[in-house]
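Written out below as structure tokens is the structure these notes cover.
Coordinate-derived values only; no laboratory data. All values derive from a computational prediction rather than experimental measurement. Positions of Cβ are backbone-derived with ideal geometry, glycine not excepted, and every protein chain shown enters the neighbour counts.
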Amino acid sequence: MRMSARLNMTGLDNLLPNTRLLVSEVVRKTAFDIQATAQTLVPVDTGAAKASIHVVTGDADGYTTATENAQAAYETKYPKQTLDFWPDNPVSPSEDSITALVAVAVLYGWYLENGTPGGRIKGRPFLQPAVDAAQTAFEMAVSQALDEGAQKSGGSYT
């Protein structure tokens with residue numbers, strides 16, 4: 001199972017390129033805000049899960065850096081032991097500029113968020129609360145970007 005948060009704004013192809021760029025910037029900023037918040041909320045033992053939280057966009061894939069940082073954090077507590085990561089990056093970068101994903105590279109990330117089957121270990125959500133915390137600001141920023149883009153084209157957005 002993989003765990004990720006996906007921000008996707010489809011249907012903007014018909015708007016002016018500058019509007020698409022403005023919305024793309026909002027999506028990217030929000031994804032990195034979600035990453036930062038999730039990293040403050042994730043339970044920490046070795047710091048590996050925290051280090052493995054990364055952002056994937058159409059032009060950047062943070063998976064390799066995230067797994068390297070997570071392994072280094074893990075080895076500070078457990079020298080010469082290897083963490084289990086998703087083989088390769090299971091989160092494919094989108095080809096459009098207005099999609100960003102926030103993902104967790106360590107295999108046990110899902111269990112941290114949701115708990116184990118049967119409830120033996122309770123979940124300690126960190127990704128969903130980070131998404132929830134960013135939602136209002138994201139919606140306002142997208143609305144502002146659409147307004148700005150429409151004004152530049154001589155129209156309006158409602």
For the pair T76/T64, report the inter-label distance in nm, with labels modelled 7 Å from Cα in the Cβ direction.
2.4
Quick one: length gained pulling Q135 to T116 fully straight, 0.36 nm per residue minus the C-alpha distance?
4.1 nm
Using 1/(1 + (r/R0)^6) with R0 = 41 angstrom and r between the beta carbons of S94 and T40, what's the FRET efficiency to the nearest 0.05?
0.95
